[in-house]
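The values are calculated or read from the model by the stated rules, or taken from the named source; none is laboratory data. In this text, all values refer to a predicted model and were calculated from it rather than measured experimentally. Methodologically, a virtual Cβ is constructed for each residue, glycine included, from the backbone with ideal geometry; neighbour enumeration extends over all protein chains shown. Accessible surface is based on the protein model in full, side chains and every heavy atom, while ligands, DNA and RNA are left aside. Shrake-Rupley method; radii C 1.70, N 1.55, O 1.52, S 1.80 Å.
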Amino acid sequence: MRRPGARWGKALVPLALVLAAGSARTAHSDEAPCREPLTPNATQVLYDRFAALAAGDGCRLEGVWAEGARMEVRFQRSGQVLEPLTLTPARCAPPGTEAGADYAIGAPVKLEAACPETLALLRALLRRPIPPAEVRAGYGGLFGIAVALFLVAVALAGAMLVRGLRRRGDGERRWDILLGGGFALALAVRLAVEPGMSNWYAFVLPEAGPPEAPAPFGPGAFVLQAGLRAVLPWGDTTLFRFGAVVGALAVPLATALLRSRAVRWHSAAAVAVLLALSPLHARISASPSEHVAASSLTLLLLLAWVRGARGGWPEIALALVLVPVVALLRADAWLALGVVPAWTLLADPVDHPTLRPAPHRWRGEVARAALFLAVWAVTGAVIHRMVVLPSHHPLPERAGILLAARQLLSQYPLVAFRAPHWFAPAAVVLGAPGLVLMARRRPALLGCVALGLVAAFVPLGRNLVHDGLVGARYFLVTIPLALVPAGEAFAEGVAWIARRLRLGGSGRRAATGIALWGLGVAAGVPALPAFGHRYAFQEEYRFLRGALAGLPDGCAVYQLPVRDPAFDRDLDCCLDVPRSPLGAAFPRLTFRYLDRGFPVGDACAVYYQGAACSLSETAEVRSRDARAYALLRRRCDEVRGLGLTPIAEREITAEATNDVFGGVRPRIGLKATAADGRSGRR
């Protein structure tokens, strides 16, 4: 099954294929009967028709996914997702294929047996021509709404900051030091990390502005990028540095949130140190991933909601506005927001009095929670209709959901004690006694943390064990939550030492400083392998970032598509060049897919031989990527046979989320015709 982050990119891939192919169309080839892509509009029309099918065999539509000329239609029965039915345009179908008026049908035997009535209705529907509906213009007004919401959120956040500064009282200095020092440490770490990709593709705002076809997760990322482009020099470095700053803000936001829940200073300081040095959080922050902004804004939402319990209308308004803002950044981040009211409904005796409302005030607190959930539900309905449905993204599988629930706690020692140690082993060691301490002294706060983890992991059916750095992007907001028990254990340990040694004020401060330094060493040293860990697609980006600098203006860079309708799943191994920040780094170049023969007639055309041309026939490839391997091998060999001249070449790491290289280091390179090769070395 294709991964969620990869599947939702289908709306842009057909457009890229059209650009690459130009006006040249061929009806048949040995590899794919037709390269004519299904439009997003045609996909939406078919989805609407299939969703309306009502049969008595218990099968219902799970979702559709279209890429290129092929569409997968998935049904489920009794909670189990069935093997997909495939559709292709009838004019593109090979001889002998079952064909309707407009589309050819490929139904697997198991699906025929499970859903006979549903397939009968579907075939009857497809026997007649399906008229095209009115073309939808992407998000419609959703992009403009997103811009307005972001601006309102900025204004309200400023108002909350001003109110907070005015309320500062005695004893704030050490918290100010912690907030500022935590941010400085986190920013230094994230700026020191080599910037790069946290996934094998990324969506970057085109030069012409927001595209008509919707981005797969919402327009929020394009809104942020449009703002950056308006005020800063535009390029991939701007994207990377912005991510580092926004990611570093998670440390003071998490610290302020813990303080609002009456967490001890020593505990909050330990969480700040562990979060600042977290390799998962730091590495993903130094990337163009919109997950970074979504996670930091979720922490701001929690902080505003908890502070709003003291009667501050800007804080409550900010929390309500941030619900659609976060959802527009990442549609899948909406799910975890549903547990936000628990942070004020559940309170411990040590919490602020406003978090422990008297019996006569419970009605107001419940009403406030109901208001939040109403905004959350309306936001979810809008996002589902305007973002999720156009993406035709299937729901998570039941098996994945159950696995995520079972591994909710066990995932942390797995990723902490296995190379490259994405999670701090010190956090796991401290977290075990910390859970016991919180269960005894802070059960309400522990409940809030647990609800946050459940809401983030379980509905998506994934966890930190899946796909290393690539899969962890979805769960950045859970990292500070998961560190809270470790912070509680650290604070209790420091207090025990101070009592044991009968330390005074200066002695306590010295002991705290030494303990925090030791915690930083214990967390940072094991994380060094994770900070240096590189995937193949990251080294591809690094190589191209240097090699493309020598190409002349107007040169076109071609790459064989690393996604194809014929693939069983996304490979997740290799850089998708046209869908990367390289377009922002080199606006004078164009990046296209090589869908046909190499365009020797172009003024300047360069071919990038990526890591996908180095796939090995491993056991995993044979069982799950056989069609991708055969197709890529044939296409890569065809281009190799053209005798192009190498411009730059390099061997890179064979590290990938799946075993597709068999430990053999891929060889990548830029190649061109003899004339272009000479011009490329200028």
J(HN,Hα) series, the stretch 220-231, from Karplus relation 6.51 cos²θ - 1.76 cosθ + 1.60, nearest Hz, glycine and proline x: x, 4, 5, 5, 4, 5, 5, x, 4, 5, 6, 10
DSSP bridge orientation in the stretch 523-682 - percent antiparallel, rounded to nearest 5: 55
About the Cα centre, charge dipole magnitude for the chain (Lys/Arg +1, Asp/Glu -1 at Cβ), debye: 2120
Residue-count net charge about GLN80 - beta-carbon cut-off 15 Å; Lys, Arg +1, Asp, Glu -1: +1
Crossing angle, helix 40-51 versus the chain [Cα axis fit, 0-90 degrees, rounded to tens]: 80
Ranked order, GLU617, GLU655 - accessible area, probe 1.4 Å, largest first: GLU617, GLU655
Prolate/oblate/rounded call for the stretch 250-370, Cα gyration tensor, a/c under 1.5 rounded: oblate
Mean separation of Cα contacts under 8 Å (6+ apart) over length of the chain, as relative contact order %: 15
Solvent exposure ordering (accessible area, 1.4 Å, most first) of ARG635, ARG163: ARG163, ARG635
Förster-model FRET efficiency, 41 Å R0, ALA549 and ALA630, C-beta, rounded to 0.05: 0.70
Alpha-carbon centroid distance for the pair the stretch 450-497 / the stretch 565-596, whole angstrom: 33
The chain - percent of accessible surface contributed by carbon and sulfur, probe 1.4 Å: 62
Rounded to 10°, Cα long-axis angle of helix 478-501 versus longest principal axis of the chain: 30
Prolate/oblate/rounded call for the stretch 171-290, Cα gyration tensor, a/c under 1.5 rounded: prolate
C-alpha center-to-center spacing [the stretch 525-559, the stretch 256-309] in angstrom: 29
CYS59 long-range amide H proximity, modeled H, under 5 Å: none
In Å², nearest 10: area of VAL189 left accessible to a 1.4 Å probe: 30
Positive-end residue, the chain charge dipole about Cα centroid, Cβ charges, pick of THR673, GLY311, ALA367: GLY311
Sequence-distant residues sharing a close amide H with ALA69 (under 5 Å, placed H): LEU38
CD proxy at 222 nm, helix term only [per DSSP H run n ≥ 4: -39500 (n - 2.57); per residue of the chain; nearest 500]: -16000 deg cm²/dmol
Extension reserve of the LEU335-ARG173 stretch, reckoned as 0.36 nm per residue once the Cα distance is removed: 54.7 nm
Relative contact order (%) - the stretch 390-546, alpha-carbon pairs under 8 angstrom, separation at least six: 32
Mean separation of Cα contacts under 8 Å, 6 or more apart, over the residue count of the stretch 541-644: relative contact order %: 35
Unit charges at the beta carbon, dipole of the chain: most positive-side option, VAL470, VAL154, ALA619: VAL154
Check: the stretch 595-649 dipole with +1 on Lys, Arg Cβ and -1 on Asp, Glu Cβ, in debye: 220
Ranked by how many other beta carbons lie within 10 Å on average, peptides 440-446, 78-84 from highest: 440-446, 78-84
Formal net charge of residues neighbouring ALA294 (Cβ-Cβ distance under 14 Å; K, R +1; D, E -1): 0
Around ALA272: net Lys/Arg minus Asp/Glu count, Cβ-Cβ under 15 Å: +3
Order of exposure, largest accessible area first, which applies to LEU126, LEU403 with probe 1.4 Å: LEU403, LEU126
Unit Cα scatterers, Debye sum, the chain: log10 I(q)/I(0) for q = 0.08, 0.09 Å⁻¹: -0.65, -0.82
In Å², nearest 10: area of HIS466 left accessible to a 1.4 Å probe: 50
